[in-house]
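J.: Attaching a single structure in structure tokens format; questions to follow.
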Amino acid sequence: MSKSFIELKKQLNELSETINKFDSEAVQLRIVELLFDQSGVNPGMVEAAAAYQAGPGTGTKSATPSEPRAESRGRGKRGGEPSTPSASGAVAALARLVEGDFFNEKRTIGDVVRKCEEDFGVRYKSNAFSGPLSRYAASGVLKRDKNAEGKFAYFK
């Protein structure tokens, strides 16, 4: 296990009690994202550290994009009521696409939705990607241009 990963795990342990006091999973995720943005940690490492810290069967609220939550698999919060996948899963899926070579070509939000459905088996709504893509563009991770149809296309 790398030294930086061990340090990251230690920091997550120290922060977990404070972050878990927030009821909203979206708020918890945003706080963690902001912390890692400031520290310059790779988003993929955040996902790996969270999965490692959570461990199997701990009842954590988050899931990896390749393993969507029970609600997104058609078993909603009230038992059988269908629901849509969480936006936090979309953010993690998008981070995986950004780390790979998917954005070596110009891609629209619709392309991202289709790719996630193909690769991760989960259909996210396009609005789950608009904010994170905008932040990636503002931070310089991705660039964006309007295509011939007037839609934003994102690329590296």
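Quick note: the coordinates plus some simple rules give every number you see, no bench work behind them. Fair warning: this is a prediction, and the values are worked out from it, not measured in the lab. We place every Cβ from the backbone using ideal geometry, glycine too, and count neighbours over all the protein chains shown.
J.: List the lysines whose alpha-carbon lies under 30 Å from that of LYS125, not counting same-chain residues fewer than 8 positions away?
T.: Within reach: LYS21, LYS61, LYS77, LYS106, LYS115, LYS143, LYS146, LYS151, LYS156.
J.: Using a basic spin-label model with each label point 7 Å from the Cα along Cα→Cβ, how many nm lie between ASP23 and LYS146?
T.: Those two pseudo-labels are separated by 4.2 nm.
J.: I've got another one for you. Given contacts defined as C-alpha pairs under 8 Å and at least six residues apart, what's the relative contact order of the range 87-156, whole-number percent?
T.: Computed value for the range 87-156: 36 percent relative contact order.
J.: Further question on the same structure: Assign one of three labels to the range 101-156, namely rounded, prolate or oblate, based on the Cα gyration tensor with a ≥ b ≥ c the square roots of its eigenvalues; rounded applies when a/c is under 1.5, prolate when it is not and a/b is larger than b/c, and oblate otherwise.
T.: Judged from the Cα gyration tensor, the range 101-156 comes out prolate (a/c at least 1.5, a/b above b/c).
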